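For reference, the structure is listed below as structure tokens.
FYI, it's all coordinate maths here, none of it is from the lab. From a predicted model like this one, the values you see are computed outputs, not experimental measurements. Every residue, glycine among them, receives a Cβ derived from its backbone with ideal geometry; neighbour counts consider all protein chains shown.
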Amino acid sequence: MRDMSSLITTHNEFSGAAQITDEGIKDHFKKFDPIQAIFELVWNGLDANATLVKIEIKYNELGGLDYVSILDNGEGIDVSNIDENFERFNESSKKHNEDKHGSHGKGRLSFHKLCRKAVWYTKRHDYNVVINIDGNSIKQFNGSYIEKTNQNKYLTAIESGTYVELLGPYKDLPLENKIIEKLSKEFGWFLAINNDRNIYINNSKIETPLCDIYKDDFDFQNEKFKIIVIRWNEKPTSAKSYNYFIENKSRVVYKEYSKFNNKKDFYISSYISSNWFNSYNHDILPIDPNYNNTRKFITAINNKLYSIQSEIYSEFLKKYVDKKICEFEEQGLFPRYDNLPKEYAEFREKHTKELIKNIYLADPIIFNSLNKKQKSIFIRLLDRISVSNENNYLFDILESVLELSPDDMKRFAGHLQRTSFEHIISTIEVLQQRELSVHKLSEIMEKRYKDVGETPDLQKIIENNTWLFGPQYTTIGAEEDTFSRIAKELKKQIKEEVSEADIAEGADIEGVNKQVDLFLARKIPSYDSQGNQIYKCVIIEIKRPGVSLNKKHLYQLDEYAEIIEKHPAFSSQKMRFDLILIGRKISREDKMIHQRLSSLKDKAELGLITDSDRIKCYVKDWFTIFDEFRLSNDYLLKTLNTKLDNLSKESTEDLVSVLQTQPR
């Protein structure tokens, strides 16, 4: 027996009410966005097997929203079951059908979030009907059967369908491009697997959002299955990852959550289609004779699907983590190694990044739950522990916080060890190359210094081996035209003539005059001791090998520093200068250079003779530079015990050629 809300029919008219109060209906939709009313009506059309849905939005002369309409070519509204379609709220006939998407009978009433009235024109093979609902009494509906000639003009040319008109809008909608974007997110997955379905808004077709589509087939017990997995670039409207089981008529018979739900920024929709699903019953009971065989099929399907999804996730995670490491670097989360030798600093930086990358790959949640400050602290602690004598406990710490199985933890540990080993090998190779370079340069400066200056490309040796002057100069880059040009022009202001007093023991003035001084000037983005960004301006002058450094050269360096200090182009407070003067040796007769070196010994910077706010000056000789390299790398060099060949039979030209091209 029906209650007071039952359908009332009089001749060609009918009316009724939803089994809930107006206030109850509005309470259900209080968090609904107005545009979701359009979504619900589009879904109603697709649920009615429409292959085409057209949305039209009209604006008035003042730019305000005039009306909205939704047309579909589906099966139309079944008026014979009007109680199922309009009376029941949260209890529509769709609720036991996974292929239906409307909100269990309530979607049709969401229109009141956007406008004051809705009119449904519907057409089936045997009747034409119009239904009205007013937003002021939203639970009430009134309908009537109409003649074919009175049907809405948009339905006359199609066999069946529904046209919904939303009138009296009182809320605004986003701009059309934003509506298209939202429709794409809401319906993209459905359109991706149903090529015969189309949605338009004001004649613009709704396309599937950016995604990657993976396809695979497999057989099980003579049944064929097709798998489509879609990975969305952006979060879909539902934000849930489902596995959909589809029978041969493209109807979804069951859906379940994927095992890859709640993976950060990873969104997939998976579709498994087969004739086997035509008779599938998810609620089959254990007492049913087909129960065990059905379970076997579902297990095989899920295992195959999980294998495919795991590969997709692994590929996604690698790219995602690389992107996150770059973001961490941009945010300044990694430690700085300004006070460490350049080679070791590079090793530490690579090592720490790989460590963080491997932890992220193993368990992304550990970083996703941390704020910026916590990430920075965590990364710095791992950096310190990984190179300390307590690093054996690193795996114990990680094992206690990472949510990994024993097998995953074992693989993770092995990968970390392999990565660290690769970095060690890389560091050793660089060190060996540099040891050979020092060996050959020592031969040149000790025994070939009188003729090496006649080789026109000696400059390339210096440009290729700037690490010799200190780890901070390992990669000083190419010339910066303006800076280099001005620095060289200013250098010409200083008169430099070679006298007998400058000639090194064993050399003659004629030979020395054939040699040239070498000059490098570079401007490098860097940081000061407080972490502020600056330009490090490096100017290196290398005196010709036949000259011994003395106080005259020291005065010339001081004069050059003074000229630079006063020049407008170099007046920026963001510029810091390192002026480095290098000679084969310092004259034994000279006292001034040694006094200046001694006066700044407390600064613990080899060769420092001037230390002002913006300019530092250094004087170094080649043999001190060579010894500095050997002493700072003493332990590793002794451990490597590289056999260094006797170079006496090699020509100076060959030695120079190798030094010009040998990797840094």
#### Entry: Net charge over other residues, Cβ less than 9 angstrom from the Cβ of Q331 (K, R count +1; D, E count -1)
-1
### Query
So, by mean Cβ neighbours within 10 angstrom, what's the order for 306-317, 14-25, 212-223, 64-75 with the highest one leading?
64-75, 14-25, 306-317, 212-223
### Summary
XL table K215/K375; K139/K259; K31/K153; K447/K536; K224/K259; K323/K523; Cα-Cα > 32 Å flagged, in table order, is K215/K375; K139/K259; K31/K153; K447/K536
## Note on the structure
Taking 354-364, 150-160 and ranking on average Cβ neighbours within 10 Å, highest first, one gets 354-364, 150-160
### Message
Using the Cα atoms of the stretch 211-309, I'd like the radius of gyration and the largest Cα-Cα distance, Dmax, both in angstrom.
### Response
14.0, 44
### Message
Please give me the summed charge of the neighbours of K123: other residues whose Cβ is under 13 Å from its Cβ, Lys and Arg +1, Asp and Glu -1.
### Response
-3
